[in-house]
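*Asks:* Below: one structure in structure tokens.
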Amino acid sequence: MTNNTFSNDAERGLLLVLSGPSGVGKGTVCSALRKKMEKLVYSVSATTRQPRTGEVEGVNYFFKSKEQFQEMIATNKLLEWAEYAGNFYGTPLQFVEDTLADGRDVILEIEVQGAMQVKKQFPQGVFLFLMPPSLEELRNRIVNRGTEDDETIRRRMKLAGDEIKLLEEYDYAVVNDQVEVACEKIQSIITAEHLRKDRILSKIKKWMNEVNVSC
Ligand code: 5GP
């Protein structure tokens, strides 16, 4: 990755990272956001997990064998990757690079270990943590999804506790009580982040130079 790949330039898109415990509703919030913000680009991850009913290759995930995934790691094709609940997940690097360079905002919906790897490489990213209204509500959501067995639910609840401890590493905490409201909050954050003075400072410096030259 080149140094300026994720530079904090107004011409480049924002890198948004949305994390939160599994079952908190990241997928639902992301889909709702994408409907509201047509220009927001969703990064499709690679995973070794088996597809769930209804999941589509290239839309929900790129489904890979363990060997294929390891090959992606070995050839630096991933911006970040993590093992989560017995499966591997990772963000394809090239797609993110190209989209940001194109001036479009990208959202990664990933778990906390991966988010922390992204933060090391790109601290200017915008790190959002989606919170459940309560742990009880989180458990209900995982159970109601009906795709996980008891052992997986137990493991995911234990992980959720560990994940929530990392909240302090994030820039924003958004409680997902109602999807619509959570989306509105994230939209406001995106708008505010685009207005950060750091992002437009290089442009302003150019203006100042021009003003000084013409005086
Ligand atoms: P699920 O199996 O429920 O689709 O996802 C399990 C967890 O993996 C979720 O917390 C999800 O956000 C996370 N995840 C999905 N894609 C990626 C990725 O590319 N990298 C990382 N680190 N986590 C991911």
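The values are calculated or read from the model by the stated rules, or taken from the named source; none is laboratory data. Since the structure is predicted, the reported quantities are computational estimates derived from the model, not experimental observations. Note that we place each Cβ from the backbone using ideal geometry, even for glycine, and neighbour counts take in every protein chain shown. Areas reflect the complete protein model, heavy atoms only, side chains present, ligands, DNA and RNA absent. Shrake-Rupley method; radii C 1.70, N 1.55, O 1.52, S 1.80 Å.
*Asks:* What's the number of the only condition in (1) within 16 Å of L33 (Cα to Cα); (2) not in a helix (DSSP H, G or I) that Q124 fails to meet?
*Replies:* All conditions pass for Q124, except number (1).
*Asks:* Hey, does the range 103-110 have a residue that's within 10 Å of the ligand (Cβ to nearest atom), within 25 Å of D149 (Cβ to Cβ) and touching a residue at least 40 places away in the same chain (Cβ under 8 Å)?
*Replies:* Narrowing the range 103-110 to residues within 10 Å of the ligand (Cβ to nearest atom): 108-110.
Now drop any that are not within 25 Å of D149 (Cβ to Cβ), which leaves 109-110.
Narrowing the set further to residues that are touching a residue at least 40 places away in the same chain (Cβ under 8 Å) leaves 109-110.
Scanning the range 103-110, I find at least one residue that is within 10 Å of the ligand (Cβ to nearest atom), within 25 Å of D149 (Cβ to Cβ) and touching a residue at least 40 places away in the same chain (Cβ under 8 Å), so the answer is yes.
*Asks:* What pairs can you find where one residue is in the range 46-59 and in contact (Cβ under 8 Å) with a residue 12 or more places away in the chain and within 9 Å of the ligand (Cβ to nearest atom), the other is open to solvent by 70 Å² or more (accessible area, probe 1.4 Å) and assigned to a loop (DSSP other than H, G, I, E, B), and their Cβ atoms are less than 9 Å apart, with a gap of 6+ or different chains?
*Replies:* A46/K77; R52/T147
*Asks:* Looking only at the range 60-77, filter to residues that are in a loop (DSSP other than H, G, I, E, B) and either at positive phi or away from the ligand (no atom under 15 Å from the Cβ) (or both); which one of those is most open to solvent (accessible area, probe 1.4 Å)? Full working, then the answer.
*Replies:* Here is the first cut: in the range 60-77, the ones in a loop (DSSP other than H, G, I, E, B) are 60, 64-65, 75-77.
Remaining after also requiring either at positive phi or away from the ligand (no atom under 15 Å from the Cβ) (or both): 65, 75-76.
On the way: S65: 45, T75: 59, N76: 119 Å².
Filtering the range 60-77 for residues that are in a loop (DSSP other than H, G, I, E, B) and either at positive phi or away from the ligand (no atom under 15 Å from the Cβ) (or both), the one most open to solvent (accessible area, probe 1.4 Å) comes out as N76.
*Asks:* For residues that are modelled with pLDDT under 95 and touching a strand residue (DSSP E or B) at 6+ places or on another chain (Cβ under 9 Å), tally how many sit in the range 38-54.
*Replies:* Qualifying residue count, the range 38-54: 0.
*Asks:* Let me confirm something: among V143, V175, V112, V179, which residue is over 24 Å from A85 (Cα atoms) and open to solvent by less than 70 Å² (accessible area, probe 1.4 Å)? Steps first, please.
*Replies:* On the way: V143 fails: over 24 Å from A85 (Cα atoms); V175 fails: over 24 Å from A85 (Cα atoms); V112 fails: over 24 Å from A85 (Cα atoms).
It is V179.
*Asks:* Could you tell me whether the range 157-174 includes any residue that is of a type in the set (K, R), within 16 Å of the ligand (Cβ to nearest atom) and either within 19 Å of A32 (Cβ to Cβ) or in a helix (DSSP H, G or I) (or both)? Spell out the reasoning first.
*Replies:* First, pick out the residues of the range 157-174 that are of a type in the set (K, R): 158, 165.
Filter once more, so that each one left must be within 16 Å of the ligand (Cβ to nearest atom): 158, 165.
Pick out the ones that are also either within 19 Å of A32 (Cβ to Cβ) or in a helix (DSSP H, G or I) (or both) and you get 158, 165.
Yes, the range 157-174 contains a residue that is of a type in the set (K, R), within 16 Å of the ligand (Cβ to nearest atom) and either within 19 Å of A32 (Cβ to Cβ) or in a helix (DSSP H, G or I) (or both).
*Asks:* Report, ordered by the first and then the second residue, all pairs with beta carbons closer than 9 Å, sequence separation of six or more or different chains, a first member in the range 115-137 that is free of Cβ contacts under 8 Å to residues at least 60 places away in the same chain, and a second member that is open to solvent by 60 Å² or more (accessible area, probe 1.4 Å) and away from the ligand (no atom under 12 Å from the Cβ).
*Replies:* Correct list of pairs: M116/E169; P133/V175; P133/D177; E137/D177.
*Asks:* Any idea how many residues of the range 167-194 are modelled with pLDDT of 95 or more, within 12 Å of L130 (Cβ to Cβ) and charged (D, E, K, R)?
*Replies:* Number of matching residues: 1.
*Asks:* Continuing with this model, one more query. How about the range 84-101: which of its residues are under 21 Å from V59 (Cα atoms) and either more than 7 Å from the ligand (Cβ to nearest atom) or open to solvent by 40 Å² or more (accessible area, probe 1.4 Å) (or both)? Walk me through how you get there before you give the answer.
*Replies:* Applying the first criterion (under 21 Å from V59 (Cα atoms)) to the range 84-101 yields 84, 87-100.
If the condition is that a residue be under 21 Å from V59 (Cα atoms) and either more than 7 Å from the ligand (Cβ to nearest atom) or open to solvent by 40 Å² or more (accessible area, probe 1.4 Å) (or both), then F88, P92, L93, Q94, F95, V96, E97, D98, T99, L100 are the ones that fit.
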